[in-house]
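Report on the following structure.
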Amino acid sequence: MKISVLTIFPEMVEVIKKYGVISRAVQENKIEINIFNLRDFTSDKHRTVDDYPFGGGPGMVMKPEPFFMFYDFYVQTFGKPHTILTSPQGRTFNNDLVKELSLKENLLIICGRYEGIDERVMELVDDEISIGDYVLTGGELPAMVMIDAISRFVPGIISEESVIEESFNTGLLDHPHYTRPREFDGRKVPEVLLEGNHEKIELWRRKMSLKKTIKRRPDLFLKKEFDEVDKMALLELFKELINNVK
Ligand code: 4FL
């Protein structure tokens, strides 16, 4: 999969390639990340990317020409991309959208700025995406958030199990995790995790997941389709509840 970014701050976005899981995926050619400087596609001495808004008003507007210049070059070089503009006006980024985008072979993310982009650039844009209801100084961090989330779904980047176990796939929040030591300043690891009974462990984890989901995300709990383990876990939770009120 190829992901490209068009920005006026390329150095800011470059760091996404340098760390952890994504840097490994880039080295192993599982994803290709290309970052382009919009100023390289200007044709004046000052490399101007913005100008005053027609009709007046505060702030500047990004000029259309460098975007079209870039887009021509991009399509010539890499073929037609699925083009995203980061924008607070876009549809909100979520796990379903991440999965959908991870299936694209050629993604181009244009980093927007709040003051705005000349409307004629929208002709090049397939999708406007927001990462949440707040305003940032620019679309660089949203682009990096999207690359991070999308990369995780590219086959072979992280273990299939890790992706399957995630809350947005199971419909439940995660259970607690423990590692060594078994006891630390009197704080003990739950006994069930030390006994090695895998069925019991699964049931315990599911109970903890269900409890946390009911407490923090009742919306997810109400949408959840329960499997047999969920039902057993809920039954035990109810039993514990009944025994405590009696
Ligand atoms: C983009 C905010 C996506 C939230 C300013 C320019 C933004 C943003 N999600 N704020 N782009």
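Read the figures in this text as sums done on the coordinates, not as results from a lab. These figures come from a predicted structure and were not determined experimentally. In this analysis, Cβ positions are derived from the backbone assuming ideal geometry, glycine residues included, and neighbour counts consider all displayed protein chains.
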Legend entry - Using alpha-carbon coordinates, inclination of helix 64-78 to the longest axis of the chain, degrees: 70 degrees
Legend entry - Net charge contributed by nearby residues that have their C-beta within less than 13 Å of Ser167 (K/R +1, D/E -1): +3
Legend entry - Fewest-first sequence of Arg152, Arg216, Arg39 by Cβ atoms within 10 Å of each Cβ: Arg216, Arg39, Arg152
Inset, instruction - Determine, from the Cβ-Cβ distance of Glu195 and Glu105 and an R0 of 41 Å, the FRET efficiency 1/(1 + (r/R0)^6), rounded to the nearest 0.05. - result: 0.30
Legend entry - Per-residue Cβ neighbour rank within 10 angstrom, fewest leading, Glu236, Glu195: Glu195, Glu236
Legend entry - Hits among aspartates and glutamates - C-alpha to C-alpha of Lys215 under 13 Å, sequence gap 8 or more where chains match: Asp174
Inset, instruction - Considering the options Leu97, Phe54, Ile164, tell which one lies farthest towards the positive end of the dipole of the chain, charges being +1 on Lys and Arg and -1 on Asp and Glu at the Cβ, about the Cα centre. - result: Ile164
Inset, instruction - Diagonalise the Cα gyration tensor of segment 1-144 and give the resulting equivalent ellipsoid semi-axes, square root of 5 times each eigenvalue, largest first, whole Å. - result: 25, 18, 14
Legend entry - segment 150-192 and segment 1-15: distance between their alpha carbon centers, rounded to Å: 31 Å
Inset, instruction - Pull out a ≥ b ≥ c, the square roots of the eigenvalues of the alpha-carbon gyration tensor of segment 92-214, then state rounded if a/c is under 1.5, prolate if not and a/b is larger than b/c, and oblate in the remaining case. - result: prolate
Inset, instruction - Find how much the distance from Met60 to Thr179 grows on full extension, using 0.36 nm per residue of separation minus their present alpha carbon separation; answer in nm with one decimal. - result: 37.6 nm
Inset, instruction - Grab the other residues whose beta carbon is less than 13 angstrom from that of Ile31, score K and R as +1, D and E as -1, and report the net. - result: +2
Legend entry - Formal net charge of residues neighbouring Lys207 (Cβ-Cβ distance under 12 Å; K, R +1; D, E -1): +3
Inset, instruction - For the chain, find the longest principal axis of its Cα atoms and tell me its angle to the long axis of helix 198-216, 0 to 90°, nearest 10. - result: 60 degrees
Inset, instruction - Return, ordered by residue number, the residues of segment 122-138 whose backbone nitrogen is under 19 Å from a label point located 7 Å along Cα→Cβ of Asp148. - result: 129-138
Inset, instruction - List Tyr52, Tyr134 from most exposed to least, where exposure is judged by having the fewest other Cβ atoms within 10 Å. - result: Tyr134, Tyr52
Legend entry - Within straight-line cross-link reach of Lys17, aspartates and glutamates at Cα separation under 16 Å, skipping those fewer than 8 residues along the same chain: Glu28, Glu32, Glu140, Asp148
Legend entry - Modelled FRET efficiency - R0 30 Å, Met69 with Gln89, Cβ distances, 0.05 increments: 0.75
Inset, instruction - Give the Cα extents of segment 27-108 along the principal axes, in whole Å, largest first. - result: 44, 30, 21
